[in-house]
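The values are calculated or read from the model by the stated rules, or taken from the named source; none is laboratory data. Not measured: the values here are computed from a predicted model. Virtual Cβ from ideal backbone geometry, glycine too; neighbours counted across all protein chains shown.
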Amino acid sequence: MVHDDHVTSRPPVAMAGLSKLMARSVGAADLKVGLLDGPVMVGHPGFSAAKLEWSCQEDVAEVGARDVAATHATSVAGVLVAGRQSGALAICPGVTLVTRSLFRSAGARAAGTTTWMELADALREIVDAGARIVNMSLSTAPGMSKEHRAMQDALDYAAAHGVIVVAAAGNDGAIDSTVVTRHRSVLPAVAYNLQGRPWRISNVGRSIGQRGIGVAVDGLMSLGTRGMLRPFGGTSAAAAIATGAATLILSELPKTTPGALISAMKGDRARRTSVVPPLMNAWRAFESLLASRIRQERWSPY
């Protein structure tokens, strides 16, 4: 058991059903989680014990970086693998985080937006690096149909390799979906408040409502620039929490298939008709999958 009462008792953690999971595990060291975002400030003291991997210098940033791309990526990484004593949520600090910046040029990093082609290439790359779960919380330019096709192909590639993609629904306050949030291997995440209602800025839509989950993010803090903490919210934070939850479940039940894990995290069995997804309950998802495994082992002839 891992006891971190100051973390596991936080309202967003409790509402997400994460308290017992985080008390039970920090995540498996041999499980790789991919982060497609900006460059991470890997020298932040909150990452002093983290297992971080990257393939080129442009995937990381200096501790004093102030640009949006770097601060955003660092905050997402903090939710996942910062130390439990850092002040960040630090859901699964025991796993290995493979970070891949989508803003490897100075111009792209300054703009803070990426293209569908860059995202598609990066997803294939991080799948090849061994990630079993990939977090995507970013904005993209509209793009052309051939770019959307490339993204669709990359998501198909991830699905064929048994990789789950957790994606932020977006913070435009729109009823909308994208090639990402519509894909079968993607779990879209919507930001909720502590009253159990979606943030007004969260994107919703048919595919998001049918296949996504909601996560409370009010009052969340994560790692920021110059070794400090900063407030962190929106659907990016929701996606990071959902990624952390999926990671802990997969750490405890490593033989779980992507389809079974996504289904359990969605929770309900009935077909949804709302454009707004229900709140995630990670502990309920874990218990459901654990019970299923026990039944299978009980009736297995081997």
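Below are the figures for this structure:
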read-out	value
Ile213 being over 29 Å from Asp30 (Cα atoms), buried (at least 19 other Cβ atoms within 10 Å of the Cβ) and β-branched (Val, Ile, Thr)	no
Checklist (1) assigned to a helix (DSSP H, G or I); (2) closer than 22 Å to Val166 by Cα applied to Gly34, failing item	(1)
Which listed residue is touching a residue at least 12 places away in the same chain (Cβ under 8 Å) and within 17 Å of the chain's Cα centre (by Cα), from Gly234, Gly219	Gly234
All positions within region 25-39 that are more than 15 Å from the chain's Cα centre (by Cα) and surrounded by 15 or more Cβ atoms within 10 Å (Cβ to Cβ)	Ser25, Val26, Ala28, Pro39
Residue that is assigned to a helix (DSSP H, G or I), modelled with pLDDT under 90 and out of contact with any strand residue (DSSP E or B) (no Cβ under 8 Å at 6 or more places or on another chain), where the choices are Gly209, Gly170	Gly209
Within region 278-302, considering residues that are modelled with pLDDT of 85 or more and in a loop (DSSP other than H, G, I, E, B), the one surrounded by the fewest Cβ atoms within 10 Å (Cβ to Cβ)	Pro278
Hits in region 84-109 - residues which are surrounded by fewer than 20 Cβ atoms within 10 Å (Cβ to Cβ) and closer than 14 Å to Met228 by Cα	Gln85, Gly87
Which numbered condition Pro254 fails, given (1) in contact (Cβ under 8 Å) with a residue 12 or more places away in the chain; (2) over 20 Å from the mean Cα position of the chain (by Cα); (3) assigned to a loop (DSSP other than H, G, I, E, B)	(2)
Subset of region 222-231 (residues that are surrounded by fewer than 19 Cβ atoms within 10 Å (Cβ to Cβ) and touching a strand residue (DSSP E or B) at 6+ places or on another chain (Cβ under 9 Å))	Leu229, Arg230, Pro231
